[in-house]
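See below for the structure under consideration.
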């Protein structure tokens, strides 16, 4: 099935020593909001796409340009006064990846990141909260790493170590594959509402990511100011995509009977 997953690059770009952030839909759509906000805030451009016949049958139209559900965005390297250079790469998707393709997709992402000398794969996730938190209460972000280096990052950035638990989906596969192959994978989980997009939880996540970047600055103020509008916009987009996928399934001819299977 791995052979069915293709990574298409629209341009040649040097991604060495970059931070790769994945944005697969999760609880509170935290990862979707984080990835979308970083793409817009840093003005990242589409540099590649990932395609598979197992992905939902949809084209994502942005500024009149069609793309597959899973896209790769990146910007230029930015360097500081001491020649320390940073670059952010984002995998962005509005649709859930089917279970049967998650493991080979995670492997493909790790192989691609290794081939491009990506320094760190960062998965951002939401973990559900059942009740609305007190606005004054600071909910901590959990962290788990695949290597000694990433486990030190959990401590260095004041994340709450996740000593026991389960992380599902593509991020879960990335974590244990990273451990097996000694590739730096860090997963951060922000407590978020399970029933609707949670831009405030995403903002807390972005603050940590901003702290990890010494040269690149990400301002979370616009996200907090536009949280309600952004949450509503993402919810409407997802509902539109869902209706489109359901309509596409309705138009498919009926499957043949058992004798033809």
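Which residues, counting only those in the stretch 55-67, are free of Cβ contacts under 8 Å to residues at least 24 places away in the same chain and closer than 13 Å to residue 94 by Cβ?
Start the filter on the stretch 55-67 by keeping residues that are free of Cβ contacts under 8 Å to residues at least 24 places away in the same chain, which leaves 59, 61-67.
Within the stretch 55-67, 59, 61, 62, 67 qualify.
Restricting the search to the stretch 130-163, which residues are over 20 Å from the mean Cα position of the chain (by Cα) and at pLDDT below 90?
130, 131, 132, 133, 134, 135, 136, 137, 138, 139
Scan 20, 15 and give me the residue that is assigned to a loop (DSSP other than H, G, I, E, B), surrounded by 20 or more Cβ atoms within 10 Å (Cβ to Cβ) and modelled with pLDDT of 90 or more. It would help to see each step written out before you state the result.
Working: 20 fails: assigned to a loop (DSSP other than H, G, I, E, B).
The match here is 15.
With the condition kept exactly as written, say whether any residue in the stretch 127-134 is more than 23 Å from residue 200 (Cα to Cα) and surrounded by 20 or more Cβ atoms within 10 Å (Cβ to Cβ).
First, pick out the residues of the stretch 127-134 that are more than 23 Å from residue 200 (Cα to Cα): none.
The answer is no, given that none of the residues of the stretch 127-134 is more than 23 Å from residue 200 (Cα to Cα) and surrounded by 20 or more Cβ atoms within 10 Å (Cβ to Cβ).
Got a number for residues in the stretch 75-115 being crowded, with 18+ Cβ neighbours inside 10 Å, in a loop (DSSP other than H, G, I, E, B) and in contact (Cβ under 8 Å) with a residue 60 or more places away in the chain?
Selection size over the stretch 75-115: 4.
All but one of (1) under 19 Å from the mean Cα position of the chain (by Cα); (2) modelled with pLDDT of 95 or more hold for residue 86; which doesn't?
(2)
Return yes when residue 37 is part of a helix (DSSP H, G or I), crowded, with 16+ Cβ neighbours inside 10 Å and at pLDDT below 95 and no when it is not. Outline the logic, then answer.
Values: part of a helix (DSSP H, G or I): yes; crowded, with 16+ Cβ neighbours inside 10 Å: yes; at pLDDT below 95: yes.
Spelling it out, residue 37 is indeed part of a helix (DSSP H, G or I), crowded, with 16+ Cβ neighbours inside 10 Å and at pLDDT below 95.
Need a quick list: helices (runs of 4 or more DSSP H) entirely within the stretch 190-261 having at least 1 residues that are at pLDDT 75 or above and out of contact with any helix residue (DSSP H, G or I) (no Cβ under 8 Å at 6 or more places or on another chain). Before you say what the answer is, go through the steps one by one.
Details: elements: 199-212, 221-225, 227-251.
In the stretch 190-261, the matching helices (runs of 4 or more DSSP H) lie at 199-212, 221-225.
Residues are listed down the side, and each one gets a yes or a no for (1) surrounded by fewer than 12 Cβ atoms within 10 Å (Cβ to Cβ); (2) farther than 13 Å from residue 31 by Cβ:
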{"residue": "123", "(1), (2)": "no, no"}
{"residue": "144", "(1), (2)": "no, yes"}
{"residue": "148", "(1), (2)": "yes, yes"}
{"residue": "154", "(1), (2)": "no, yes"}
{"residue": "167", "(1), (2)": "no, no"}
{"residue": "176", "(1), (2)": "no, yes"}
{"residue": "181", "(1), (2)": "no, yes"}
{"residue": "197", "(1), (2)": "no, no"}
{"residue": "201", "(1), (2)": "no, no"}
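Run residue 43 past the list (1) outside any helix (DSSP H, G or I); (2) surrounded by fewer than 20 Cβ atoms within 10 Å (Cβ to Cβ); (3) on the phi < 0 side of the Ramachandran plot and report the number of the one that doesn't hold.
(3)
The values are calculated or read from the model by the stated rules, or taken from the named source; none is laboratory data. Keep in mind that this is a model prediction, so the values were computed, not measured. All Cβ positions, even for glycine, are placed from backbone atoms using ideal geometry, and neighbour counts span all protein chains on display.
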